[in-house]
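Undergrad: Below: one structure in structure tokens.
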Amino acid sequence: THISVNEESGVAMLMLNRPPANSLSLEMNEAISTSIKQIEANPKVQSVIIASSNPSIFSAGLDIAELVEPDKDRLPKFWNSLQQVYLDLYGSRLATIAAIQGHAPAAGCMLAMACDYRIMCAGHGDDEVDGKKRRKHVPTIGLNETQLGIAAPPWMGQLMVRTIGFRMAERALALGTLFQPTDALKVGLVDEVVSEQTADVSDALMTLLTEGNEQVSNPLMQKAYREAALYAKIPPQARVASKMVTRSDCLQDMFATREADNDFFCGFIGQDEVQKNLKGYVEALKQKSKKV
């Protein structure tokens, strides 16, 4: 991860940067949590924009290498680190803005849902097929764990319920639905969708933090910075207290069930059928990469 701060505006940037896909390993989770705490330690900062250095992927979710034939000592530490990322993001005193330029499946979707505001890119790059223009890259977002043969943990599933509503979440969780930007906006999974990108995200964020919103042509970053600055102007005690009105019970529930959740996850992942499904998914990815 990489951190940049503009104390004058009260806005910071946390750039996810674990090539190729910002997959969430034990070390990546720890880096995210450490970065959040470092930013929170600066009293002049009230908002943080979370973005990816990869224009095609916000975060691909859990690092599959942590799950296939996992190390029995490392696995509970890994899951504990993911729980901590959720607690640190969802309960942060900072206003958290997710700038989603690329795909955000599974735990990548969780990172976005744990933020206060989510802005998604509609896609970028045009191609022409049968005389009709279409976007080459259209990002998707959702909890698609069932497609991998596993299930989202209860706290992650409940986060989706709180975000898009009971019936929509029930169906999306069962089918492992990945929503395209316009559909994600319709169900409330994201708050805004912006047009095609015209500048590199990391360059745009650095320009925003040093020169201001007027100097950036990237609409995703413009919107993210504007929203972050809006939150930063609210008196922090009032803003944080209001945030906790809707989140404190959920956070307390996570603290109370954390150990049991870890035990269940480790037992579930170790099941023969689950391992078979995960290995099949890895093999399918390998075959897909050979065709590209």
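The values are calculated or read from the model by the stated rules, or taken from the named source; none is laboratory data. As the structure is a computational prediction, the values presented were derived from the model and not from experiment. Positions of Cβ are generated from backbone atoms using ideal geometry, with glycine treated the same way; all protein chains shown enter the neighbour counts. These area figures cover heavy atoms from the full protein model, side chains too; ligands, DNA and RNA do not enter into them. Shrake-Rupley method; radii C 1.70, N 1.55, O 1.52, S 1.80 Å.
Undergrad: Take the residues of segment 259-272 that are open to solvent by 40 Å² or more (accessible area, probe 1.4 Å) and assigned to a helix (DSSP H, G or I): which is nearest to L87 (Cα to Cα)?
TA: Going through the qualifying residues, I end up with E259.
Undergrad: Now for a separate question. Listed residues T146, T163; which is part of a helix (DSSP H, G or I) and modelled with pLDDT under 95?
TA: T146
Undergrad: To continue, here is another question. Condition first: in a loop (DSSP other than H, G, I, E, B), in contact (Cβ under 8 Å) with a residue 60 or more places away in the chain and in contact with a Ser or Thr (Cβ under 8 Å, 6 or more places away or on another chain). Can you find one or more residues in segment 48-58 that meet it? If you could, list the steps in order and put the result at the bottom.
TA: Going residue by residue through segment 48-58, those that are in a loop (DSSP other than H, G, I, E, B) are 53-56, 58.
Next cut, in contact (Cβ under 8 Å) with a residue 60 or more places away in the chain only: 53, 55-56, 58.
Adding the requirement that they be in contact with a Ser or Thr (Cβ under 8 Å, 6 or more places away or on another chain) leaves 53, 58.
There is at least one residue in segment 48-58 that is in a loop (DSSP other than H, G, I, E, B), in contact (Cβ under 8 Å) with a residue 60 or more places away in the chain and in contact with a Ser or Thr (Cβ under 8 Å, 6 or more places away or on another chain).
Undergrad: Are any residues in segment 145-159 under 17 Å from A114 (Cα atoms) and open to solvent by less than 20 Å² (accessible area, probe 1.4 Å), and if so, which ones?
TA: Quick first cut of segment 145-159, residues under 17 Å from A114 (Cα atoms) only: 152-159.
Passing the criteria: P153, M156, G157, L159.
Undergrad: Still on this structure, please answer the following. Is there a residue in segment 195-211 that is at pLDDT 65 or above and farther than 30 Å from Q271 by Cα?
TA: Checking segment 195-211: at least one residue is at pLDDT 65 or above and farther than 30 Å from Q271 by Cα.
Undergrad: Looking at segment 218-258 only, could you name the residues that are open to solvent by 70 Å² or more (accessible area, probe 1.4 Å) and not in a helix (DSSP H, G or I)?
TA: Hits for segment 218-258 are K233, I234, P235.
Undergrad: Taking interchain pairs and intrachain pairs at least six residues apart, which have beta carbon atoms under 8 angstrom, with the first residue in segment 105-122 and open to solvent by less than 10 Å² (accessible area, probe 1.4 Å) and the second of a type in the set (D, E, K, R)?
TA: Within 8 Å, the pairs are A112/R118; I119/D191; I119/E192; I119/K223; I119/E227; M120/E192; C121/E196.
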